[in-house]
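What follows is calculated from the coordinates using simple rules that are stated; it is not laboratory data. All values reported here derive from a predicted model rather than from experimental measurement. Note that we place each Cβ from the backbone using ideal geometry, even for glycine, and neighbour counts take in every protein chain shown.
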Amino acid sequence: MYSRRQLLQSVSAGFGYLAFAGITAAEEQAIANPLAPKAPHFPARAKRVIFLCMQGGPSHVDTFDYKPQLTKDHGKRGKYGGSLLKSPWAFRQRGESGLWISDLFPEVAGQADELTLIRSMQCDQPVHPGAMTQMHTGTAQFIRPSLGAWTLYGLGTENDSLPGFVSLSPPSGSSRNYGSSFLPAIYGGAKIGRGGRAARFARSPIGESVPDIKNSKLSKAQQRKQLNYIQSLNKEKLRRERHQPGVEGVIESYELAFRMQDAMPELMDTSNETQQTLALYGADGGSTENFGKQCLLARRFVEAGVRFVEVTHGNWDQHVNLSTDHQARAEACDKPIAGLLQDLKQRDMLKDTLVIWGGEFGRTPAAQGGDGRNHNNKGYTTWMAGGGVKGGFSYGATDEHGYEAVEDKCHIHDWHATILHLLGLDHEQLTYRYAGRDFRLTDVHGDVMTDILA
Amino acid sequence: MTFRRSTFYQVALIFSAAIFTVSSRGDQLTPDEVKFFEAKIRPVLIRECYGCHSNKSGNARGGLRLDTKELTHIGGSSGAAVVPGDLEESLLYNAIVHEDFVMPPKRKLSQEVIDDFRRWIEMGAPDPRVTEIAEIRSSITDEDIGSARENFWAYKHPVDPQSPSVEHSAWPKGKIDHFILAKLEASSLEPAGDAEAYKVLRRLCFDLVGLPPTPEQIDYFRKKWDEDPDQAIALVVDRLLEKDQFGERWGRHWLDVVRYAESTGREVNMTYPHAWRYRDYVIDSFNDDKPFNEFVQEQIAGDLMPVESDEEWAEHLVATTFLAMGPKNVNEQNRVQFAADVADEQIDATTRVFLGASVACARCHDHKFDAIPQTDYYALAGVFRNMTTYFGNPPSEFGAFSTAQRKRDSSLILLPIDDPNPFDKRYSQTELANLRQELIDTQRNAAEVRRQARESGNQQDAIRNRIRTANQLSELSGKLAVVDQNGNPRSYCMGVQETSAPANAKLLVRGEIDQAAQVVERGFPQVLCSTPVKIDPDKSGRLELARWIGSDQNPLTARVMANRVWQHMIGAGIVTSTENFGVTGQAPSHPQLLDYLAVRLVNSGWSIKRLVREIATSRVYRIKSTFNERHHEYDPDNALIWRANPRRLDAESIRDSMLVISGEIDFDRPRGSEVAKAGYTRVQGGVLGNPRDAAKKAMEMAGEKVRQQMRERFAGGRGTRRPIGGSRFGPGRRSVGRGQVDRQTRSVIETSMREVARKVTNQLDMEDAKFRSVYLPIVRDEEPRSLEVFDFADASAITGTRESSNTANQALYMMNNPFVIQQSQAFARRVARDSARVKDQVEYAFILAYGRPPTSGERSATAAFVHGFAPSMGYRNGGGEVLSALCQSLFASAEFRFVD
């Protein structure tokens, strides 16, 4: 048989184990909720995260990494072949800080003094699926918990009626990027809307905000009675079979679902937002409407206490038609992102909300077919704002054309370590024991970029 | 034996709308043609166009470059600049006459020059400008390839291995068990004991037919099991293999792998109304236990295989739907790009599905890890480019009409047999004549609109009008196209047909269509060919490819499929990366066992049923799922199979089980699918066809429903307004104020609106359908909720292994979804019919749902629930509501969802 400690180790930290550990209902209430807020390792600069995931690889040399030498050497042969392509967009110095940002992001540029640009990003994967997965989980080789799941595991969440980790409109087939892997299922990201369509739920006036969110037959009290019965059956099963992460997952999913029935419709209903707010996000129409609504939803989620919200804006993969399609992608998200930053600021939430912007990699300084760029994973730019990072700050640098990070390199492991640090978590201490080994988000790597801390 | 290819080819040509290969002129130009080009065309191009559109100037506005023949044909982001012989499609001409584009900007060329261009394009656009061809040399040497072929496990021919000796010799039932036990013993682990009879039966039933066993089957099996477990299992397996539900279960596994769907997906999601024929073909093939190698060959080259009857011919054509039903970006402007992408998708699917090899990575560069040079990709591309893919709608006698959103048209293949759907449209002669007239009028109208736009210069209106008329033309033509001269429906399928003269493909530098390098001779990936395969210069090589993949000598085909079968029976593959048997994939946990299964598959005449039978009757198949701390520490992923993997049922089994347990299931195969009924149309917002029409229809339905309910309310009561459903105090006892009525009226309207809106916007969920889940409509990105919520395979991706999650979304579905509630009520009615005593009802409900009576803990939990819940329901409906809630709880519980 097992000791209690062994059980805790082998049977995950979910509350399912309580079913056979003989703990009373009252005790269960007090300690069982795996989503209950937990103290960080040290005082946190950021309490929550909004991750704006730019899937497809936006070009750093056309957005946030100013390369005058690339302009000068336009048409010359690049160091890995192909001819160098100057950016079709002009760069300007912005704000008091004078950060160089291109005309692709004029609205975000207006918030330059809030941003820390990390211009020396690196990851190990030159292809989309691998790089996306590494950006989210630290490795592309194995299925591992995602950044959001680790965060939730480390900190719990402020609102137990909502999932603590929400992924709005993730690309289809990408669930490992917001999954919990071996962490208890409750820490996995809840997908809201599929394939860029979270906004569809927010739009529909007579439809449901979330599918099957309301029972047509039973009152709340009746349904709770029914749910207690379902859970007693589930706990019976767990008692019989001991190690069953799947059953624990089912038990947890019902409790959350029951509470979500009240919380979600209210949260998804944006009708009480003012016209002014909608306009701030560009959520009132035009090409910014979809992403604007999602950014607005992201703010509503974090405001309600959700710990980690990811919003995806896809199709940045411009091997061809860079000048028109990068323009269109940027236009659809520039105003919404700037609106989000301003709105957080005016609600006094930016100071402890970490906003992260970035794609899985950048793009080559050399041209592909005259009006396109290839993948570039050895040097690219992401940025952070709010939540304990400096404003109007630039960190690291790529070489003169923008191929490789050469100064203060920030590998994706360093990036993860820094994000956890800002949340008050030590990436070396945040471990989870699985199959006899302690796992970390950063494996055996990762250095915190102390220079960017405010 | 008859070869019907050539006659068929003529038929196919008549209906072919788009041929992907650019039919440009050969290289032999007459001196007159060269002279015409040099005198009339080249100077104008240099003077007027190159400044913004050439490599020389370094400008490629709109992605367009005009300084070589190839680049001119490829065109820019709006499409081909010149399509030889086709003025309509040649955007260069369109631009110089200032139709949709205006070039040169601000100025029109002289009529004389315009006429020159017209003549040039009409004569086939002879163009002597040759592009310098680069030669890309591979970084992968012949030695690299040879060494990979000789050393990497998956490329070596599987040999029947000796069974290893084991200590615990009484445990194995067959050779499979020897391999399993030997590995466990080597790690000092031991297999779990045998599971209980009902659990083994549950596994067998779900694994073989995707359905739970009935109480009668459980009783029967237990008796047999007590006599002799081996015989009991063998008997049940043989019976299950004979059922039609076997093909529905195993066919669906295959449909996951081949990314089966009934629409194109992507931004402009057009239906594939004939894809269901392939679905039925797959199900029938598994039921007939068609030798797997033949099944493989038919899907890759069914159109080229000899046949003995029209029925067989039709079956083979339907099989090639495999190549045609991939996701497509039909609003791709560039036809060359589109053709390259379609072929790429076909190569990717063929190699990953059958061979577990990722060849498509080599489209842009050498695939270093697996020793697949880029030239091998283009050798294979040559095989696939020599065919036309049919996935759209046939053109009518008036031609094909593309629309603003749907740029890439395609036709269909006319089946050699008559097999119309009962729901297909039929037209009388008068209706036909009217349709034709309407089409002619619309064409005339379209011409008029164009003329007016040119004269008035109102671009906005012109564009709007043109989009509108194009849509009308396309719709009318589509209606005409699918019937014969007498207005009777024709029978079509999707698929592929060879083009006439096979040609090799050019290597494209970094996979870019405008960066052609050397021509690569057609062939197959060298690393996978132990002996080189010769392709007849007069043939595309696709038939040879099919035969090579489906051959006993191919090292991968049998391994890949045996691994899939193992995964579906045991819960995890021997190679867990089921589509990647390459160097970057996962190594096999039991390499010898995999070889054994592969050899068995081939030697049985490629019988899937025999392989399933062998695994089902093994010892390892029947062990318990009991947890063991020590074993878990050593092997947390259960790779060595020390216990049975507890598995969550897949989406289809969850839905089908509810239908079986409620007694509502309809085992008849529905004809076609919802998508077939809707025909060729765009899917938007979850609606087949125009969402506006659907909304209008919904409003009408809702209106009718409200009117009806109002009539019911106001009938009977001699003018008294009675609240809906009656009040507790009965009608007439309480006077009803005006405000209340209005509120009630509003609520009636709102509820009806919601219900109807749900039915329309959730049309593809088919909540009222009672047939098996495999027949639900599969529209890309709009998969039915009942499937999607339980990790259904992404229909746009090749999926050998589904995910298995437990989410709050699933909990909401089980708690609140109308289908689940409906089925719970039917389940409760069935239980109530069986017995009037609550105790017996509970017992029966558990047996139906779990395959066993309740445990004592479950019994007391149930009693507590009934006592607590019934008063809250006010004992309505004689306890029916309570029983429904109880039955729903059983559906919702973890025990129902897991097979242990």
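Viscosity 1.567 mPa s, temperature 4 °C: give me the Stokes-Einstein translational D for region B:408-477 in µm²/s, with Rh taken as the Kirkwood radius over C-alpha pairs. Intermediate values should be presented prior to the final figure.
Working: Rh = 14.8 Å.
Answer, rounded: 88 µm²/s.
If each residue of separation counts as 0.36 nm, what is the full-extension length gain between residue B:160 and residue B:840 once their alpha-carbon separation is subtracted?
239.4 nm
Computed FRET efficiency, Cβ-Cβ of residue B:434 and residue B:463, R0 35 Å: what is it to the nearest 0.05?
Values: r = 29 Å, r/R0 = 0.83.
Once rounded, the FRET efficiency stands at 0.75.
How large is the dipole of chain B about the Cα centre if only Lys and Arg carry +1 and Asp and Glu carry -1, each at its Cβ, rounded to the nearest 20 debye? Each step should come with its number before you reach the end.
Working: 117 positive and 123 negative charges, 841 e Å.
For this selection, approximately 4040 debye.
Before rounding to the nearest 500, sum -39500 (n - 2.57) across all DSSP H runs of length at least 4 in the protein assembly as shown and divide by the residue total; then give [θ] at 222 nm in deg cm²/dmol. Don't skip to the end; give the middle numbers.
Values: 49 runs with 580 residues, N = 1354.
One gets -13000 deg cm²/dmol as the mean residue ellipticity at 222 nm.
What share of Cα pairs, in percent, lie more than 21 angstrom apart in region B:191-347?
Details: 7149 of 12246 pairs.
In whole percent, the long-distance tail amounts to 58.
Taking the Cα centre of chain A as the origin, how large is its charge dipole in debye, to the nearest 20, when only Lys and Arg (+1) and Asp and Glu (-1) carry charge on their Cβ atoms?
Using Cβ point charges on Lys, Arg, Asp and Glu, chain A gives about 1120 debye.
Neighbouring Cβ atoms within 10 Å as the yardstick, rank B:866, B:330 fewest first. Display every interim value, and only then the final one.
Working: B:866 18, B:330 24.
So the ranking, lowest neighbour count to highest, is B:866, B:330.
Among rounded, prolate and oblate, which fits chain B when a ≥ b ≥ c are the square roots of the eigenvalues of its C-alpha gyration tensor, a/c under 1.5 means rounded, and a/b larger than b/c means prolate? Show your work: numbers first, answer last.
On the way: a/c = 2.40, a/b = 1.25, b/c = 1.91.
Cα axes put chain B in the oblate bin.
Normalise the Debye intensity by I(0) for region B:322-398, one equal point scatterer per Cα, no solvent, then take log10 at q = 0.12, 0.16 Å⁻¹ and round to two decimals.
Log10 of I(q)/I(0), two decimals: -0.38, -0.62.
Taking 0.36 nm per intervening residue step and subtracting the Cα-Cα distance, what contour gain separates residue B:106 from residue B:151 on full extension?
9.6 nm
Enter the per residue convex hull volume of region A:61-117, computed from alpha-carbon coordinates, in Å³ rounded to the nearest integer.
Hull volume over Cα atoms, normalised by residue count, gives 76 Å³.
Hey, rough spin-label estimate for residue B:531 and residue B:583, points 7 angstrom out along Cα→Cβ, what's it come to in nanometres?
The two pseudo-label positions are separated by 2.7 nm.
Helix by helix, which DSSP H runs in chain B go 27 Å or more along their axis at the Cα atoms and have an average Kyte-Doolittle hydropathy of -1.0 or more? Intermediate values should be presented prior to the final figure.
Details: long enough: B:335-355 (29 Å, 0.11); B:429-456 (40 Å, -1.28); B:459-481 (32 Å, -0.82); B:691-714 (34 Å, -1.37); B:738-761 (34 Å, -0.96).
Passing helices, by number: B:335-355, B:459-481, B:738-761.
Calculate, in nm to one decimal, what residue A:407 and residue A:69 gain on full extension: separation in residues at 0.36 nm each, minus their alpha carbon distance. Could the numbers behind the result be given before it?
Working: separation 338, 0.36 × 338 = 121.68 nm, distance 1.68 nm.
Computed gain between residue A:407 and residue A:69 is 120.0 nm.
Please give the peptides B:654-666, A:240-252 ranked by average Cβ packing (other Cβ atoms within 10 Å per residue), highest first, as a rough proxy for protection. Don't skip to the answer; put the middle values down first.
Working: B:654-666: 21.1, A:240-252: 23.0.
Answer by packing, highest mean first, reads A:240-252, B:654-666.
Could you put B:258, B:779, A:444 in order, starting from the residue whose Cβ has the fewest other Cβ atoms within 10 Å?
Details: B:258 21, B:779 26, A:444 7.
By the 10 Å Cβ count, ascending, the order reads A:444, B:258, B:779.
Semi-axes of the equivalent ellipsoid of the protein assembly as shown: what are they in whole Å, largest first, if each equals the square root of 5 times a C-alpha gyration tensor eigenvalue? Mind dumping the intermediate values first?
Numbers: eigenvalues 484, 297, 277 Å².
Value: 49, 39, 37 Å, ordered largest first.
How big is the Cα convex hull of region B:591-641 in projection, averaged over all directions, in nm²? Spell out each step's value before the answer.
Working: hull surface 17.0 nm².
One quarter of the hull surface, i.e. the mean projection, equals 4.2 nm².
Fewest Cβ neighbours within 10 Å first, please rank B:248, A:289 accordingly.
Details: B:248 26, A:289 18.
If I rank by nearby Cβ atoms, fewest first, I get A:289, B:248.
What does the C-alpha gyration tensor say about the overall shape of region A:332-422? Classify as rounded when a/c is under 1.5, otherwise prolate if a/b is larger than b/c, or oblate. Please report the intermediate quantities before stating the final value.
Values: a/c = 2.67, a/b = 1.55, b/c = 1.72.
Oblate.
Rounded, prolate or oblate: which fits region A:397-453, taking a ≥ b ≥ c as square roots of the Cα gyration tensor eigenvalues, rounded meaning a/c under 1.5, else prolate when a/b beats b/c? Don't skip to the end; give the middle numbers.
Details: a/c = 4.45, a/b = 2.01, b/c = 2.21.
Since a/c reaches 1.5 but b/c is at least a/b, the shape of region A:397-453 is classed as oblate.
Strictly greater than 37 Å: what percent of every Cα pair in chain A meets that? All intermediate terms of the calculation are to be shown ahead of the outcome.
Details: 27273 of 102831 pairs.
I get 27 percent for the Cα pairs in chain A exceeding 37 Å.
Can you give me the distance in nm between label points at residue A:96 and residue B:186, each placed 7 Å from the Cα along the Cα-to-Cβ direction?
With each label point 7 Å from Cα toward Cβ, the separation is 6.9 nm.
Could you calculate the FRET efficiency of residue B:803 with residue A:447 from 1/(1 + (r/R0)^6), where r is the beta carbon distance between them and R0 is 41 Å, rounded to 0.05? Each step should come with its number before you reach the end.
Working: r = 33 Å, r/R0 = 0.82.
The value I calculate is 0.75.
Could you check the spin-label model distance between residue A:429 and residue B:40? Points 7 Å from the Cα along Cα→Cβ, value in nm.
Each label point lies 7 Å from its Cα, and together they span 8.3 nm.
How long are the three semi-axes of the equivalent ellipsoid of region A:204-337, in whole Å, if each is the root of 5 times an eigenvalue of the C-alpha gyration tensor, listed from largest down?
Numbers: eigenvalues 310, 87, 27 Å².
Listed largest to smallest, the semi-axes of region A:204-337 are 39, 21, 12 Å.
Based on the Cβ-Cβ distance from residue B:309 to residue B:501, what FRET efficiency comes out when R0 is 25 Å, to the nearest 0.05?
On the way: r = 29 Å, r/R0 = 1.18.
E(calc), rounded to 0.05, equals 0.25.
Calculate the dipole size of region B:510-655 relative to its Cα centre from +1 charges on Lys and Arg beta carbons and -1 charges on Asp and Glu beta carbons; express the result in debye to the nearest 20.
On the way: 20 positive and 16 negative charges, 159 e Å.
About 760 debye.
What do the square roots of 5 times the Cα gyration tensor eigenvalues come to for region B:592-688, in whole Å, largest first, as semi-axes of the equivalent ellipsoid? Don't skip to the end; give the middle numbers.
Numbers: eigenvalues 288, 100, 54 Å².
After diagonalising the Cα gyration tensor, the semi-axes are 38, 22, 16 Å.
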